[in-house]
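A.B. asks: Have a look at this one.
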Amino acid sequence: MRVLLGAFGDPGHAFPMLALGEALVARGHAVALQTWRRWEEPGTAAGMTFAAAPEYQVFPTRERPLKPYAAAVRAAAETRPVVRSFAPDVAVADILTPAPALAAELEGVPVATLVPHVHPQLPPGFPPYAIGARLPRTAVGSGLWRATDRLVARGLERGRREYNECRARLGLGPLPWLHTGLSRSLTLVATLPQLEYPRDWPRWLRVVGPLLWEPPGERVEAPPGPGPVVLVAPSTAQDPEHRLLRAALAGLAGEPVRVIATYNGREPSPPVTVPGNAVLVPWLSYSQTMPACDLVVAHGGHGTLMRALACGCPVVLSPAGGDMAENAARVDWAGLGVRLPRRLCTPRGVRLAARRALGRTSLAPRVRRVAAWIAAHDGGVRAAEELEAWFRRGTP
């Protein structure tokens, strides 16, 4: 196949698409990747053709208001030459990256969707996505959540209307379904089935497992001595004040643990106090460092969470934004870690959460089973196989 991949350039969206691209190239397919320029080198090094995605304001601000999807219309027009030049058989677009999907459709190329996190479409009676509420345990609880269905539907209907107006500006017909970012031909959900609430899945959706990729980095050793190793792995995009990093280093200073912490290139100001049982570095390789850890303290970004579970590490998650609250709720529901609400992200809160996670004997065996599942079910291979089968069927 010739496959065009398109993704927003933030790590949570670019990294899973890079992983998918590598898997497709390894299976002999020709792949073009359109994302931000910062990922050109790893894309081309993996054997992909690189196309720089347009980078400009996407969301409206008070100073620079934008019509809904105005950036997508502009980016789709700029992406059409990329599609024509590469001539793909199929295209795969990230759920938050409509431009390559729209451009491919304009050029008559079948489009699949990649969801780089848990599936955002939830059935009636489930809590709304991303608010951080767990699946209800009783019929009464489910009935209470059903009261929110109409409100959620209104928001989704508004999104459909705005997206169809965008499509009309490009000369495309309207879509009849809600969640317009999900291809009804094929949607690949790159998460763990163990984190998905039980439900009936539509025929066009596949949960393929996590797509793991990271840039090169160094393994960091824990301070010498006995005691469990705790890795503090904050978000690269959230928490600009380093609230979690500061709370974790202060809260774990007197604990019988050894701490590895990173600020992921965003140097804290004012500087963070590093206790004697900790080491703080600007960057590190999660895949090389996490296997020697006993616990990961993080905000709950999906990529960091998947890497921690793949390495057999229980987690403490203190959500900061985006889908982190949803991820923390799923981890709590699946018994794979401890959820720490943002209001409790204090030295004492982190200390107590870490004690609870390290002391709960049921966590480690569950996480080891999940790690074994990930090792036996390569998400990139499964996603590539689903794309191949879809192509052989004639890509409806």
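A.B. asks: Of all residues in the stretch 255-271, count the ones that are open to solvent by 10 Å² or more (accessible area, probe 1.4 Å) and free of Cβ contacts under 8 Å to residues at least 40 places away in the same chain.
C.D. replies: 11
A.B. asks: Please determine, by comparing only the residues of the stretch 362-382 that are in a helix (DSSP H, G or I) and open to solvent by 80 Å² or more (accessible area, probe 1.4 Å), which one is farthest from Gly28 (Cα to Cα).
C.D. replies: Per the stated criteria, the residue is Arg366.
A.B. asks: Return yes when Val274 is crowded, with 17+ Cβ neighbours inside 10 Å and of a type in the set (Val, Ile, Thr) and no when it is not.
C.D. replies: Considered against the rule, which asks whether it is crowded, with 17+ Cβ neighbours inside 10 Å and of a type in the set (Val, Ile, Thr), Val274 comes out as no.
A.B. asks: If I ask for residues that are among the aromatic types (Phe, Trp, Tyr) and open to solvent by less than 50 Å² (accessible area, probe 1.4 Å), which ones from the stretch 154-207 would you list?
C.D. replies: Tyr163, Tyr197, Trp204 - these are the residues of the stretch 154-207 that are among the aromatic types (Phe, Trp, Tyr) and open to solvent by less than 50 Å² (accessible area, probe 1.4 Å).
Residues checked against (1) over 30 Å from Ala71 (Cα atoms); (2) not in a helix (DSSP H, G or I):
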site: Leu135; (1), (2): yes, yes
site: Gly143; (1), (2): yes, no
site: Ala153; (1), (2): no, no
site: Leu156; (1), (2): no, no
site: Gly159; (1), (2): no, no
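A.B. asks: Right, next: Name the single residue, out of those in the stretch 99-122 being out of contact with any strand residue (DSSP E or B) (no Cβ under 7 Å at 6 or more places or on another chain) and part of a loop (DSSP other than H, G, I, E, B), that is surrounded by the fewest Cβ atoms within 10 Å (Cβ to Cβ).
C.D. replies: It comes out as Gly108.
A.B. asks: A further question on this structure: Within the stretch 269-283, can one find any residue that is closer than 19 Å to Leu211 by Cβ and in a loop (DSSP other than H, G, I, E, B)?
C.D. replies: no
A.B. asks: Give the residue, chosen from Ala45, Ala51, that is open to solvent by 60 Å² or more (accessible area, probe 1.4 Å), at pLDDT 95 or above and not aromatic (Phe, Trp, Tyr).
C.D. replies: Among Ala45, Ala51, only Ala45 is open to solvent by 60 Å² or more (accessible area, probe 1.4 Å), at pLDDT 95 or above and not aromatic (Phe, Trp, Tyr).
A.B. asks: Now for a separate question. Which of the residues that make up the stretch 230-241 are over 19 Å from the mean Cα position of the chain (by Cα) and open to solvent by less than 10 Å² (accessible area, probe 1.4 Å)?
C.D. replies: Val230, Leu231
A.B. asks: Now for a separate question. Within the stretch 303-311, identify whether any single residue is part of a loop (DSSP other than H, G, I, E, B) and either farther than 28 Å from Glu221 by Cβ or more than 19 Å from the chain's Cα centre (by Cα) (or both), and answer yes or no.
C.D. replies: Looking for residues that are part of a loop (DSSP other than H, G, I, E, B) and either farther than 28 Å from Glu221 by Cβ or more than 19 Å from the chain's Cα centre (by Cα) (or both), one finds none in the stretch 303-311, hence no.
A.B. asks: Note down all Cβ pairs under 9 Å where the first residue falls in the stretch 79-94 and is open to solvent by 10 Å² or more (accessible area, probe 1.4 Å), the second is of a type in the set (Asp, Glu) and in a loop (DSSP other than H, G, I, E, B), and they're at least six residues apart or on different chains.
C.D. replies: Cβ pairs passing all conditions: Arg80/Glu107; Arg84/Glu107; Ala87/Glu107; Pro88/Glu107.
A.B. asks: Next question, about the same structure. Tell me, which residue of the stretch 123-142 that is over 26 Å from Pro98 (Cα atoms) and open to solvent by 40 Å² or more (accessible area, probe 1.4 Å) is nearest to the chain's Cα centre (by Cα)?
C.D. replies: Arg134
A.B. asks: While we're looking at this one, here's another question. Name every residue in the stretch 78-112 that is out of contact with any Gly (no Cβ under 9 Å at 6 or more places or on another chain) and modelled with pLDDT under 95, in order of residue number.
C.D. replies: Glu78
The values are calculated or read from the model by the stated rules, or taken from the named source; none is laboratory data. Everything quoted here is computed from the prediction, not taken from an experiment. Because the Cβ atoms are built from the backbone with ideal geometry, glycine has one as well, and the counts that use them run over all protein chains shown. What goes into the accessible areas is simple: the full protein's heavy atoms, side chains included, and nothing from ligands, DNA or RNA. Shrake-Rupley method; radii C 1.70, N 1.55, O 1.52, S 1.80 Å.
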